[in-house]
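Below is one structure, written out as structure tokens; the observations come after it.
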Amino acid sequence: MIQASPSVSQTISEIRRQLREIAVRSLSRMYLPDQQLFAFRLRKNGPDEVLEGVSPRYTATALIGLAGEDASVVKEVLGRHSLDDVCSNLLDHVEQTDDVGEVALTTWAARMLHHTGKSVGLKALRAAQPGQRPYCTVELAWALTALVIDESGGDMAQAETVAQSLLTAFQEESCLFRRWPTGNVVAKLPQFVNGLGDRLPALRTHVSCFADFVYPVQALSYYHKATGDVRAAEVATRCAERMCQLQGQEGQWWWHFDIRTGRVIERYPVYSVHQDSMAPMALQAVDKACGQDHSPAIEKGLRWLDTPAEKTGSLIDTQRKLIWRKVARRGPGKLVRGLQATASSLHPRLRTPGVDVLFPPVCIDYETRPYHMGWILHAWPHDSMS
């Protein structure tokens with residue numbers, strides 16, 4: 001178990017600076033120069049850490065975070081390579097992948113970097129036809145952001161198509177987003193492994209996760225800023241407000257929600273990336289675009305990361321200079337989430353009893369991933385530290 005962080009009295013500014021320092025150092029440890037890609041993850045292995053796999057998606061996200069950094073930071077992370085070198089490597093393969101998330105994130109990175117090959121990413125994104133073909137809400141949100149993030153050379157006609165599709169995922173009653181836009185809900189849901197088989201779509205169509213709210217709020221805020229679209233601003237604002245209403249008393253951003261009622265279905269795991277970057281970057285986007293102020297909720301989330309209410313100690317490991325992935329329940333992976341999804345499918349207010357006693361949230365997932373570090377730098381760029 002990690003000892004509780006000695007920085008209980010840290011100011012929010014100090015927490016953000018610590019997050020940035022760890023993000024830069026972690027990215028430098030997870031970059032694989034021979035492949036010009038970032039590893040899939042860094043995992044604790046006794047007194048050491050090991051890198052596993054590679055990820056173009058995570059590489060693109062790291063580039064998004066590094067796009068606004070000083071040359072000295074980029075050099076610390078990438079060594080002899082430049083941001084353009086790594087982005088060129090992604091663009092060389094972007095037209096061959098059928099992963100629309102990878103295409104969207106690569107295009108987003110290329111446009112933020114003003115890369116000379118950004119048109120290649122835009123071409124690949126258009127060919128994927130987001131907004132016309134069945135993609136999940138998160139991937140549509142990434143695509144929309146990629147299309148509007150840079151004021152020059154975008155594709156506003158395609159952006160409008162994506163935005164309209166994304167808006168169909170918004171639920172008026174709950175102010176939350178479905179995991180799939182209208183018409184794509186049942187066909188594309190993954191199978192639940194614990195014996196439910198083909199019954200999963202009927203049991204899970206009402207469940208969304210935190211990522212399904214964060215990325216649409218961010219994307220629709222950017223879209224409103226680029227176009228003045230009133231509906232986009234309204235939906236982003238309403239969802240952001242609902243997110244904050246659902247935030248845990250100690251600042252936790254919970255995990256699974258019921259899109260019919262807007263209530264929490266299952267609280268855990270609580271992911272560190274939600275606390276320190278995903279929630280902040282979405283709420284800051286809607287604040288800038290729509291004149292809101294969600295800073296109290298952002299600060300509350302950061303406080304939890306530094307000193308969580310759960311009996312685990314801080315996810316900020318000051319000795320290893322890492323931020324661990326999540327606080328989870330003790331017990332079989334995803335069991336409680338499956339039980340709660342099944343119970344709530346029978347009745348919106350029904351929950352499996354006794355889970356906090358049988359499966360307490362006392363476990364830390366000792367791994368970290370590059371996309372998390374990229375989002376930290378994106379949420380807290382160096383010019384926001386002054």
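Scanning segment 303-319 for residues that are surrounded by fewer than 20 Cβ atoms within 10 Å (Cβ to Cβ) and not acidic (Asp, Glu), which turns out nearest to GLU14 (Cα to Cα)?
Step by step, filter segment 303-319, then rank; the result is ARG303.
To keep it simple, each residue is scored yes or no on (1) among the hydroxyl-bearing types (Ser, Thr, Tyr); (2) over 19 Å from HIS372 (Cα atoms).
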{"site": "ASN45", "(1), (2)": "no, yes"}
{"site": "ASP48", "(1), (2)": "no, yes"}
{"site": "GLU52", "(1), (2)": "no, no"}
{"site": "THR59", "(1), (2)": "yes, no"}
{"site": "ALA62", "(1), (2)": "no, no"}
{"site": "LYS75", "(1), (2)": "no, yes"}
{"site": "LEU78", "(1), (2)": "no, no"}
{"site": "SER82", "(1), (2)": "yes, yes"}
{"site": "VAL86", "(1), (2)": "no, no"}
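Using beta carbons and a limit of 7 Å, which pairs, at least six apart or on different chains, have the first residue in segment 213-242 and within 11 Å of PHE170 (Cα to Cα) and the second one at pLDDT 95 or above and of a type in the set (S, T, N, Q)?
Hits for this filter: PRO216/THR137; ALA236/SER221.
I need every pair where a residue in segment 104-122 that is surrounded by fewer than 24 Cβ atoms within 10 Å (Cβ to Cβ) has its Cβ under 7 Å from the Cβ of a residue that is at pLDDT 95 or above and of a type in the set (S, T, N, Q), sequence separation at least 6 or different chains.
Listed by first residue and then by second, the contacts come to GLY117/SER88; LEU122/THR107.
Every residue, every condition in (1) within 25 Å of GLY121 (Cα to Cα); (2) in contact with a helix residue (DSSP H, G or I) (Cβ under 9 Å, 6 or more places away or on another chain); (3) of a type in the set (Ser, Thr, Tyr), yes or no:
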| position | (1), (2), (3) |
| --- | --- |
| ARG20 | no, yes, no |
| SER28 | no, yes, yes |
| ASP34 | yes, no, no |
| PRO56 | yes, yes, no |
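Take segment 363-383 and flag every residue that is part of a helix (DSSP H, G or I) and either free of Cβ contacts under 8 Å to residues at least 24 places away in the same chain or of a type in the set (Val, Ile, Thr) (or both). Lay out the reasoning, then the answer.
We begin by selecting, within segment 363-383, every residue part of a helix (DSSP H, G or I); these are 370-379, 382-383.
The answer is ILE376, and nothing else.
Please state which of the following conditions THR261 fails to meet, knowing it meets all the rest: (1) hydroxyl-bearing (Ser, Thr, Tyr); (2) within 22 Å of PRO370 (Cα to Cα); (3) not in a helix (DSSP H, G or I).
Failed condition: (2).
Only residues that are among the basic types (Lys, Arg) and under 21 Å from the mean Cα position of the chain (by Cα): list them for segment 313-351, please.
Matches in segment 313-351: ARG325, LYS326, ARG329, LYS334, ARG337.
Considering segment 79-103 alone, what residues qualify as being assigned to a helix (DSSP H, G or I) and touching a Pro at 6+ places or on another chain (Cβ under 7 Å)?
If the condition is that a residue be assigned to a helix (DSSP H, G or I) and touching a Pro at 6+ places or on another chain (Cβ under 7 Å), then LEU90, VAL100, GLU102 are the ones that fit.
The values are calculated or read from the model by the stated rules, or taken from the named source; none is laboratory data. If you're wondering where the values come from, they're calculated on a predicted model, not measured in any experiment. Here Cβ is always computed from backbone atoms with ideal geometry, including for glycine, and neighbour counts include all displayed protein chains.
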